[in-house]
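One structure is given here, and the rest of the page talks about it.
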There are 2 protein chains.
Amino acid sequence: MAYELYYWPGLQGRGEFVRLALEEAGADYIDVARGSGAGRGVAAMMKVLKSNSEPHIPFAPPFLRDGDLIIAQVANILMYLAPKLGLAPKPAALRPIANGLQLTVTDIVAEVHDTHHPLSTNLYYEDQKDAAKARAADFLGHRLPKFMGYFERVLQQNPKGDKHAVGASLTAVDLSLFQLIEGLSYAFPRAMKSFVAHYPALAALREAVRTRPRIALYLASERRIPFNESGVFRHYPELDQDAR
Amino acid sequence: MAYELYYWPGLQGRGEFVRLALEEAGADYIDVARGSGAGRGVAAMMKVLKSNSEPHIPFAPPFLRDGDLIIAQVANILMYLAPKLGLAPKPAALRPIANGLQLTVTDIVAEVHDTHHPLSTNLYYEDQKDAAKARAADFLGHRLPKFMGYFERVLQQNPKGDKHAVGASLTAVDLSLFQLIEGLSYAFPRAMKSFVAHYPALAALREAVRTRPRIALYLASERRIPFNESGVFRHYPELDQDAR
């Protein structure tokens, strides 16, 4: 039976980290809220979120339905899916390492979101632009180099080589790092200008993922929603600046 | 061999969610950075964080060392520890449900942190107080009721009864919900004034955890650091306001 992914249509957002794993594995899945007809569309997603009868309800999208099980939170979905999709580290003892890295991706993604919405998700960006400028300056000046320096070290210190974040083969973490770097490059092209020079192993990983046959096909397909200013990674030139 | 917990001394912070699980289980553990002497103290923690030879480095505290394995991120540490401590849901098929809930606790904790540091963790609170007021108002007005309403529903809809977040027995998620409510009550007493009336199952869970024998002993001990304005949950009266 096909996996059912539930996420807002029209933006990559946090759902994209799950899509990339499903696409890389060639898994059979339905992007429920992007569909139409019975049991599809945003209404079908809201029905689960507001259900009074589901035994285990999610707080927010994305969530995944696999038969009777509803699984929430990106890192949790990936921890559940990765072994089934051949994207978990081998040996299994390294799975907590992968999950720790995935949660650190979750952390930086939340910080990226807050560069354009530092005060409230209920206000428009335009109504919190001054605070956004301060938060984005701090993010690009301090947090981005700290996270990128960390992930570069993770690759460099991987005992199995710097081609992968954990272990000797491709995992969902590698796919997520690709998406993170793509998103950062879209949102902050000026800050990311010297990225390749400063973070060579991360830059090589990004290219290796981008050119994998199924990922390349996916990126060229209509299933890949373009980056836009509804997603987590938004390009507001006034928030961008030089960074290490 | 004792578990080694690494976290900043002098504050409960994110380390406290791990401490509560270790304490409830009566597990043998060392709170490394709070100790002194060889292999103890903040220097011992920094040594791991800055290591160029560890195969799997954490981004930030808290992290746990169990033999050769270093595990980072609260939810990940709890997912690793819970089965060993008898704090994972039974049956094991419910573990992704517990992990999804734990990650939702992680999310609200990050939002609580940002009520006093909305612009930068590198600036003092006093230097971002206006933004903090706006963020805290949004948090108490919108986000807190949304999260609390969600967790209350989780308890109410648990097919095994409203005494636990998942399954029929105590899990690390229940302990974390206790800590979350304790912290919110310390930081925002005005906002939490009508908490018991609005969220009866959560309020009952809080009392049930607080009076568990080992937890009660721990809370009365010197191992329990008092809440203070260095932690995630800070009481700044100017940020507090009525809330649902």
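When DSSP assigns beta bridges and you keep just the ones with both residues in chain B, what percent turn out antiparallel, to the nearest 5?
70
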Q: Provide Rg and Dmax in Å for the range A:3-85, with only Cα atoms included in the calculation.
A: 11.9, 35
Q) To the nearest whole number, what is the average tally of beta carbon atoms from other chains within 10 Å of the beta carbons of peptide B:70-78? A) 5
Q.
Translational diffusion coefficient of the range B:92-224 at 4 °C, 1.567 mPa s, Stokes-Einstein with Kirkwood Rh over Cα pairs, in µm²/s as a whole number.
A. 81
Q. If you rank B:R34, B:R19 by fewest surrounding Cβ atoms within 10 Å, what's the result?
A. B:R34, B:R19
Q | Taking the C-alpha atoms of the range B:152-222, convex hull volume expressed per residue in Å³ | A | 86
Q: Taking 7 Å along the Cα-to-C-beta vector as the label spot, tell me the A:K160-B:R214 distance in nanometres, rounded to one decimal.
A: 3.4
Q) Which values, in whole Å and largest first, are the semi-axes of the equivalent ellipsoid of the protein assembly as shown obtained as the square root of 5 times each eigenvalue of the Cα gyration tensor? A) 31, 27, 25
Q | Calculated FRET value between B:R190 and B:M46, using beta carbons and R₀ = 35 Å, to 0.05 | A | 0.35
Q. Could you give the Stokes-Einstein D for chain B in µm² per second, using the C-alpha Kirkwood radius, 37 °C, 0.692 mPa s?
A. 176
Q.
Set the bar at 24 Å for Cα to Cα. Now go through A:K47/A:K129; A:K90/B:K84; A:K133/B:K133 and name every pair that lies beyond it.
A. A:K47/A:K129
Q) How far, in nm, would the chain grow between B:D28 and B:R244 when pulled straight, counting 0.36 nm per residue and subtracting the alpha carbon separation? A) 73.7 nm
(Q) Can you find, among B:V154, B:Y125, B:T211, the residue sitting farthest towards the positive end of the charge dipole of the range B:92-224, where Lys and Arg contribute +1 and Asp and Glu -1 at Cβ? (A) B:T211
Q. Other chains' Cβ within 10 Å of B:119-129 residues: what's the mean?
A. 3
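Where a number appears in this text, it was derived from the coordinates with a stated rule and is not lab data. Quick caveat, the model's predicted, so the values are computed rather than measured. Reconstructed Cβ throughout: ideal geometry from the backbone, glycine too, with neighbour counts over all protein chains shown.
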